[in-house]
Structures are given as C-alpha cells and as structure tokens.
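The values are calculated or read from the model by the stated rules, or taken from the named source; none is laboratory data. Note that the structure is a prediction, hence the values are computed from the model and not measured. Positions of Cβ are generated from backbone atoms using ideal geometry, with glycine treated the same way; all protein chains shown enter the neighbour counts. These area figures cover heavy atoms from the full protein model, side chains too; ligands, DNA and RNA do not enter into them. Shrake-Rupley method; radii C 1.70, N 1.55, O 1.52, S 1.80 Å.
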Amino acid sequence: MATPIKIAVLGGDGTGPEVVREGVKVLKVVAEQEKFQYTTKDFDYGGNRYLAAGGDPKKPTLEPITDAEIEELRQYDAIYLGAVGHPDVAPGILEKGLLLKMRFQLDQYINLRPVVLYPGVETPLKDKGPEHINFVVVRENTEDLYFGGGGFLRKGTPNEVATQEMIATRFGVERCLRWAFEYCRKRNKKKMLTLVAKTNVLTYAHDLWWRAFNEIGDADYPDIKRDYNHVDACCMWFVKNPEFYDTLVVPNMFGDIITDLGAMIQGGMGVAAGGNINPTGTSMFEPIGGSAPKYTGKNVINPLAAIGALAMLLQVLGDQKADAAIKRAGDRVEAAIAKACPKLDSMSAGRMGRGTREVGDLICELL
Ligand code: IPM
Ligand code: MN
C-alpha cells in the first residue's frame, strides 16, 4: 500500500479554522471511499499566535513563522491553509511574515485560480451562466511587485521618498509561462493562452514577459493559440465577455487583482479556491477570501471555497504522485460542490440558509 499522504493544516486567523475544519471532514469521508491513507497535523501559525508570543501589533518584532518552521512544513506533501489576517495586527506583518514567506520559501511559483460558475450560483453579470464562466488564471507567485524590494528615504518628513520595485526574471517568467502553456494544453478546451500585462507602460518588465511568451510559444507550443490583453482591458472583458477566456497567465500583482474580480463573477469569495503550487515540492491550497474577523465563530461562512481548495489539493497531489485514487477523490469532491450549489439559497455569509457545518455535512452526504 502507498505511504499515507501527509497534510499540514494551517487554519490561520478568523474564520480560517472553521472552514478548513469542514474540508478535513470531507477529506475523511472521501479518503475512506477511495481507500487512500492520509495523516493531518494542525499548526497554529497566525495572528493569535503572533500576539500571544509577544509580537508587536504595529511592527514585526517577531517572525510569525521561522525558517526552521518552514523547513518542517517542507516535509509535508501539501499544506491546507484557512486564512491569514488579524484585525489587531498591522497590515503586512502576517501577510509578508507568514503567507508570502511560505509562498516564497517553498517556491510555490504558480498561483492557480480557476474561475468557474457552478450551476445554481448567482453571478452579478447579467445574462451570464455556467456556460459562460469557466476559465483558469495562472498567476506568477514569487516575483513582480511582491518580492519586497524598495524602501524609504527621509521617512516621516515632508521630503519623504518611498520606492517599491517590480522585478521580472527570465527564469521566473519562463517557468511560469511553460507551466501555463502545459496547463492550457492539458485542459484541452479552446487551447488559447491569454497573457495579461501592461506592455504599453511597463516597457521593461512586461516586455520581458511578452518576448518570453512569444519565443516559448513559437518554439514549443505551436498548438496553443496566443492571445494578449492589457490588464485594464482584461477587467472589462471579464465582465463583458467572460466566455472568451480559456487559460490566462499573469504577473503576480495584476494576478492578485484580476482574480478578486474573477472570484466575484463566479459568485463570490465563498466559492473561490486557489492553489500555490510548487510542481516538484510542497504546495499550499487555500480559499481566496480573507479571514472575515467579524464572522468568526458564527457558523455563517461558506466553506465551499475551502472545500474547493481541498479538491484542488487532492487533484494536484494525485497528479504529482500519479495516484489515481487521490486524483479521483479530488474530482469527486469538486463534483459534490457543483451538486451542492443549487441547494444553497445564497452564497454569501449569513445568507446561505445553512451554516458552515451544515454545508460541510451536505458535501459529505453528496459524496
Ligand atoms: C491573495 C491575497 C494575498 C496576496 C495577500 C494577503 C498578501 O490578497 O492571496 O490574493 O496579495 O497575494
Ligand atoms: Mn488577493
């Protein structure tokens, strides 16, 4: 028998722990059905731990996660994450010190964010249905404005200067583009890959993206149609003609922005899931939404995004380990989510007609 897969569970802040709890419940059911073994271990990284350890709420005086703790996570097959963000901890401390640190140090260079409207889910787009909204955004996850370069000069004075730098490396861009081309080929729909950037203004960094996109496409992916959108136009098309898209590839910061728009057209943060993927290492899966502090402990947050993240975890691990049972488990969880959606009155917090736990139970029943 195969060795059990090892999953690190990081519930995180706010409503994170209660939504991943539902995912873990679903995992138990589907693992029994598909007969694969797994272990989970809970970790308490997040704002509460940071504050309890004496971290300053205003500036990073402690590491929310240390290098050694990240090395421990590297021993796991996957990380299942709830949410990062605490109302009493200043913006940036946990985001940079925990979430981005894990993404960077575990080299999870792909952020995979499908935008799928399930039947029965309401989209704010007029006259659009599930047949129109079904595409995948591949967001580069380690470079661009996110690498953290920059600084202050004369901080706090009237002559203050602040810089924030954007990088694009040929290596980083190329590995992301190749992954996206491969993904688009495997997805086997329109076989069209749209690069989203801003080549008319970011004439260095995005020129590199543009050249790499065309060179790699010409050399190795003649079967994939190449398409290009400026990021502003892309936002317009997401709303006007989402059915046009198949697979998109986008630098980190624009990817962050367009995937929130994507999440809204697929019915909101309650259903949007994402994966931070290192194709040869430890990947991390999370609902795209935040920690929703004001809803914490109220049993009102939709866990479908977290359960969708679990489905993706199983699908990616199943592929990585060439384990058909795990892959099938992921596909079945995704199918159960699609079946559950028409049964929920609304997808937004507090208006689902069922609570967080009850939606988790429904998925287990549908399995
Ligand atoms: C996301 C989030 C993060 C990001 C924040 C919390 C650092 O918005 O996962 O999209 O910008 O990547
Ligand atoms: Mn975001």
- prompt: From the square roots a ≥ b ≥ c of the eigenvalues of the alpha-carbon gyration tensor of region 124-265, which class results: rounded (a/c under 1.5), prolate (a/b over b/c), or oblate?
  reply: oblate
query: How big is the accessible area of THR40 in square angstrom, nearest 10, if you roll a 1.4 angstrom probe over the protein chains?
result: 60 Å²
field: CD proxy at 222 nm, helix term only [per DSSP H run n ≥ 4: -39500 (n - 2.57); per residue of the chain; nearest 500]
entry: -12000 deg cm²/dmol
field: Nearest-20 debye value, region 36-161 charge dipole, Cβ charges on Lys, Arg, Asp, Glu
entry: 380 debye
- prompt: Going 7 Å from the Cα of ASP218 in the Cα-to-Cβ direction, what parts of region 181-201 have a backbone nitrogen less than 14 Å from that spot?
  reply: none
- prompt: Which of LEU73, PRO124, PRO17 sits closest to the plus end of the dipole of region 13-125, meaning its Cα is farthest towards the positive end, when Lys and Arg get +1 and Asp and Glu get -1 on the C-beta?
  reply: PRO124
- prompt: Which lysines have a Cα lying under 27 Å from the Cα of LYS25, excluding residues fewer than 8 positions away in the same chain?
  reply: LYS6, LYS35, LYS41, LYS294, LYS298, LYS321, LYS327, LYS339, LYS343
- request: State log₁₀ I(q)/I(0) for the chain at q = 0.09 Å⁻¹ as given by the Debye formula over alpha-carbon point scatterers of equal weight, solvent excluded.
  value: -0.50
- prompt: Taking springs between alpha-carbon atoms closer than 10 angstrom, which of PRO222, PRO64, PRO342 fluctuates most in the Gaussian network model of the chain?
  reply: PRO222
Residue-normalised accessible area of region 285-367, given per residue in Å² at a 1.4 Å probe: 40 Å²
task: Between TYR183 and ASP56, take the C-beta separation as r, use R0 = 30 Å, and let me know the FRET efficiency to the nearest 0.05.
output: 0.10
message: Students often get this wrong: which residues of region 197-225 have the backbone nitrogen under 15 Å from the point 7 angstrom along Cα-to-C-beta of ASP232?
response: 197-203
message: With +1 assigned to the C-beta of every Lys and Arg and -1 to the C-beta of every Asp and Glu, and no other charges, what is the dipole magnitude of region 124-265 about the Cα centre in debye, to the nearest 20?
response: 220 debye
field: Separation of the ASP361 and LYS191 label points, Cα + 7 Å toward Cβ, nm
entry: 4.8 nm
message: Would region 224-367 count as rounded, prolate or oblate if I go by the C-alpha gyration tensor, calling it rounded below 1.5 in a/c and otherwise prolate when a/b exceeds b/c, oblate otherwise?
response: oblate
- prompt: How far, in nm, would the chain grow between THR280 and LYS343 when pulled straight, counting 0.36 nm per residue and subtracting the alpha carbon separation?
  reply: 18.9 nm
- request: Show me 334-341, 147-154 ranked by packing, highest mean number of other Cβ atoms within 10 Å first.
  value: 334-341, 147-154
query: Taking every DSSP beta bridge that has both residues in the chain, what percent is antiparallel when rounded to the nearest 5?
result: 40 percent
field: Global form of region 275-349, assessed from the alpha-carbon gyration tensor, a/c cut-off 1.5
entry: oblate
Dipole in debye (nearest 20) - the chain, about Cα centre, beta carbon charges: Lys, Arg +1; Asp, Glu -1: 480 debye
